[in-house]
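What follows is one structure encoded as structure tokens, with my remarks underneath.
The values are calculated or read from the model by the stated rules, or taken from the named source; none is laboratory data. Only a predicted model underlies this, so the values are computations on that prediction, with no experimental measurement involved. With ideal geometry, Cβ positions are generated from the backbone for all residues, glycine too; neighbour counts draw on all protein chains shown. Ligands, DNA and RNA are excluded from the accessible area calculation, which covers all protein heavy atoms including side chains. Shrake-Rupley method; radii C 1.70, N 1.55, O 1.52, S 1.80 Å.
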Amino acid sequence: MTYRLWGDTETYSETPISHGTYRYAANAEITLFAWAIDNDPAQVWDLTSGDPMPYDLEVALTDPECEVWFHNAMFDRTVMRNAVPDWCPPIERWRDTMVQAMCHSLPGKLATLCDVLGIAEDKAKSKRGGQLVQLFCKPRPATSKIRRATRDTHPVEWAEFVDYARLDVEAMREVNRKLPTWNYSGDELALWHLDQLINDRGIAVDLDLANAALKAVGDEQAVLAERTADMTNGEVQTATQRNAMLEHMLAEYGVALPDLTMATVERRLDDPDIPQAMKELLRVRLQASTTSTSKYKALVRACNLDGRLRGLLQFAGAGRTARWSGRTWQPQNLPRPTLKDDAINEGIVALKAGTAGLIYSNVMEVASSAIRGCIVAPPGKKLVIADLSNIEGRGLAWLAGEEWKLQAFRDFDAGIGFDLYKLAYAKSFGIDPAKVTKDQRQVGKVQELALGYQGGVGAFVTFASAYGIDLDALAAGILPNAPQELLGEARKFLAWLKLKPKPETYGLAEDTFVACDVVKRGWRAGHPAIAAWWPTLEQAFRDAIDSPKYTFDCGTVKMRRDGSWLRVRLPSGRALCYPAPLIDEAGNCSYMGMNQYSRKWERVKTYAGKIAENATQAFARDILAYNMPRIEAEGYLLTLSVHDELICECPDTNEFTHERLAALMSTVPPWAEGLPLAAAGFECQRYRKE
């Protein structure tokens, strides 16, 4: 009969936890092991006392019938594998209340969960705990008389620490009792176990490249600092001194910049009114502010002694959609390379030879573009990589029932159809896709990226800027040929908008705004099923809030509210979760969630387009996840997931190919019949952006 062990470990390591769980755990020891069996009172085994492991705990850890529940289990499991490997249960017996919470769109931090779930104070995570962890789990500061605080040096605080550990188990158990299980059982639980295996496996790293890049970047930072000081007569010591740079440019050139973000700097570099001397200073700023330095440092610090980097994925880290997010090195946020593959390979050779500073005028660009190349295949292996093609565009069309577009994807995959960006533009303006120009295709690409989730002019302008589209030139090309109906609607919309106290026209000239609105309206007119799906979703969301225990059908998804939970049932059977939904006096829909800007748990507004985005991204995640177990079973050992891409480590033989991996990834699940899926990939010894 299955039963549960609730556990929590307190640890000590000389390695900072900021270096990553796996690097930390390699040198960690367990000091306290708090535990409880089912509903029995929590106990604490103090390993520093010399007492043997309690018999009941030993039985539970070794009993195949016992589920092992921890909060942030990857940490405790990794520490146990290193510190007490004989007592560490196999992966399939582990469960994680943090992941369980995140799978249902709740915060992962235990103290926050206790607050959100209203757990009684005596059962809640001790607020004093953070201070005790600082005292006993880390080396003391260099100014301290002792290197490490222990039960002998701080007996009173140690007694508090033991009680704190016990309370953690009590809090975790109470949290579990209040959490749903919809998204953390069956296939999803098995998928989390696979995720843990992937994290344990990690990726092989070219540490020689990483260390060489760090040295080259450090040397270049010194050169750039010297140039900055020379160009500013010593007023600014380094180009990374934001406030000093802004003050100098205002005083010296009379130019006031709002900030020194990449977008702002790049816009000013194209401004003919900016003095050349100031532009040169801005170019130095761009080079000096590259993020590659921190990325290389994180990689080197987190790598284990065997040259592998582990623990890079957080299951359900993307909150609402349950997509994977990154940990430590954050592989999902690597800078996009600006150099071509051949140039990157040449740059890697130069970095490792220590000659990059002699060859390249922009060492920072070389280092930033080369960072993906730190992921390598070990001897006798190769990397087999594949990426789902436009899965969000395909998923949105399938969910909304946009049949013409689904057929267009099928035709394109078969080699008999037009490029979808050309089709998007052609569909918007009723022209032959064969006559769509290169510039018009770029507009179609921005339409696809910006408008699928009810995006308006603001979204289009944001993406257009990112892709270098001249909006004034766009207006000059579109307005003379725009359908009169769309043009009239856009002009009426602008006139209505201008009646508002603060009209949102994004600093655009009137004709430019109208042209962008025409582009938006044209895309919506060309996608009638998607445009109709948005209000259907929001109305069902509202109906579900108002009518608990009734299920509202939106075609491919269903909505239902039970108690404090509104669920959007996805085709896979998994659910999007919206805790505590309501409609306020102004008629806005909202729910309780983590504000992505403040990182606080608070009420978050939503609307039709955002619900459509959540559903589509969650659907895309489920498509990727569906085939991962089969891919692993066929010997394509998964080492990393980056957005819609899978990176596998395989024997360097003809048996393992990117074509086979792509075919496995594009296998359509039975719950997504009719979805056109495609994937493409490549094989390499060193990871790159395809």
- Carbon plus sulfur fraction of accessible area for the chain, probe 1.4 Å, in percent: 51 percent
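For the stretch 547-620, which semi-axes, largest first and in whole Å, follow from the square roots of 5 times the eigenvalues of its Cα gyration tensor? Numbers along the way, then the final one.
On the way: eigenvalues 80, 50, 26 Å².
Listed largest to smallest, the semi-axes of the stretch 547-620 are 20, 16, 11 Å.
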- Message: Just want to confirm a number: the relative contact order over the stretch 333-451, from Cα pairs under 8 angstrom separated by 6+ residues, in percent.
- Response: 15 percent
- Would you mind calculating the relative contact order of the chain from Cα pairs under 8 angstrom and at least 6 residues apart, reporting the percent as a whole number? 13 percent
- Rounded to the nearest whole number, the Stokes-Einstein translational diffusion coefficient of the stretch 353-414 at 4 °C and 1.567 mPa s (Kirkwood radius, C-alpha pairs) in µm²/s is 81 µm²/s
- Item | Diffusion constant of the stretch 307-387 at 37 °C, which comes from Stokes-Einstein with the Kirkwood Cα-pair radius and 0.692 mPa s, µm²/s | 222 µm²/s
- Cα-only radius of gyration and Dmax that characterise the stretch 402-455, units Å: 10.8, 30
- How far apart, in nm, are two points set 7 Å out from the Cα along the Cα-to-Cβ line at S465 and at K145? 5.8 nm
- At what distance in nm do the modelled label points of Y55 and E602 sit from each other, each positioned 7 Å from its Cα along Cα→Cβ? 5.5 nm
- Message: Ranking request for peptides 361-369, 227-235: highest mean number of other beta-carbon atoms within 10 Å first, then the rest in descending order.
- Response: 361-369, 227-235
- Task: Using only protein heavy atoms and a 1.4 Å probe, report how much of K445 is accessible, in Å² to the nearest 10.
- Result: 50 Å²
- Message: How much accessible area per residue does the stretch 320-468 have, counting only protein heavy atoms and a probe of 1.4 Å, in square angstrom?
- Response: 43 Å²
- Task: Could you point to the residue in L61, P16, S368 farthest towards the positive end of the chain's charge dipole, with +1 and -1 charges on the Cβ of Lys/Arg and Asp/Glu respectively?
- Result: S368
- Query: Quick one: length gained pulling E485 to T355 fully straight, 0.36 nm per residue minus the C-alpha distance?
  - Reply: 40.7 nm
- Note on the structure: Output for the stretch 456-553 (equivalent-ellipsoid semi-axes, sqrt of 5λ from the C-alpha gyration tensor, Å, descending) is 31, 16, 14
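If the convex hull of the alpha-carbon atoms of the stretch 1-147 is projected onto planes in all directions, what is the mean projected area in square nanometres? Don't skip to the end; give the middle numbers.
Details: hull surface 40.9 nm².
Its Cα hull, projected and averaged over all orientations, spans 10.2 nm².
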- Compute the semi-axes of the equivalent ellipsoid of the stretch 64-119, taking the square root of 5 times each eigenvalue of the Cα gyration tensor, and list them largest first in whole Å. 25, 12, 9
- Note on the structure: Log10 I(q)/I(0) at q = 0.12, 0.13, 0.21 Å⁻¹ for the stretch 233-345, from Debye over equal alpha-carbon scatterers, is -0.65, -0.73, -1.10
- Query: Which angle between 0 and 90 degrees, to the nearest 10, do you get for helix 207-231 versus the longest principal axis of the chain when only C-alpha atoms count?
  - Reply: 60 degrees
- Query: Is it possible to state the helix-based mean residue ellipticity at 222 nm for the chain, with each DSSP H run of 4+ residues giving -39500 (n - 2.57), the sum divided by total residues, to the nearest 500 deg cm²/dmol? What is it?
  - Reply: -14500 deg cm²/dmol
- Relative to the longest principal axis of the chain, what angle (0 to 90°, nearest 10) does the C-alpha long axis of helix 341-353 take? 40 degrees
- Principal-axis tilt of helix 510-526 within the chain, Cα atoms, nearest 10 degrees: 70 degrees
- Dimensionless Rg ratio for the stretch 418-485, taking C-alpha atoms and the 2.2 N^0.38 Å reference: 1.04
- For a paramagnetic label modelled at 7 Å from the Cα of I583 toward its Cβ, which residues of the stretch 518-545 fall within the zone defined by backbone nitrogen distances under 16 Å? 535-545
- Message: Please compare each pair in K445/K520; K340/K520; K558/K605; K500/K605; K500/K520 to a cut-off of 24 Å on the Cα-Cα distance and tell me which ones are over it.
- Response: K340/K520
- Message: Below 8 Å between Cα atoms, with a sequence gap of 6+, how large is the relative contact order for the stretch 93-168 in percent?
- Response: 24 percent
- Note on the structure: DSSP beta bridges in the chain: the antiparallel percent, rounded to 5, is 90 percent
- Please report, in cubic angstrom per residue, the volume enclosed by the convex hull of the alpha-carbon atoms of the stretch 66-215. 184 Å³
- Task: Give the calculated FRET efficiency between L305 and D230 to the nearest 0.05, with a Förster radius of 35 Å applied to their Cβ-Cβ distance.
- Result: 0.20
- Ordering E247, E188 by how much accessible area each has at a 1.4 Å probe, largest first, what is the list? E247, E188
- Message: Under 37 °C and 0.692 mPa s, how fast does the chain diffuse according to Stokes-Einstein, given a Kirkwood radius computed over C-alpha pairs? Answer in µm²/s, whole number.
- Response: 115 µm²/s
- Message: Could you give each residue of the stretch 380-391 its phi-based ³J(HN,Hα) in whole Hz, using Karplus coefficients 6.51, -1.76, 1.60 with θ = phi - 60°, and x for Gly or Pro?
- Response: x, 10, 9, 9, 10, 10, 8, 9, 5, 7, 6, 5
- Message: Percent of Cα-Cα pairs more than 16 Å apart in the stretch 159-219, please.
- Response: 72 percent
- Query: Dipole size in debye (nearest 20) for the chain around its Cα centre, Lys and Arg Cβ +1, Asp and Glu Cβ -1?
  - Reply: 920 debye
- Task: Evaluate the distance, in nm, between pseudo-label points positioned 7 Å from the Cα of E65 and of E29 along their respective Cα→Cβ axes.
- Result: 3.6 nm
- Query: P(r) for the stretch 571-690: what percent of alpha-carbon pairs falls in each 5 Å bin, starting at zero?
  - Reply: 2, 9, 16, 16, 14, 10, 11, 10, 6, 3, 2, 1, 0
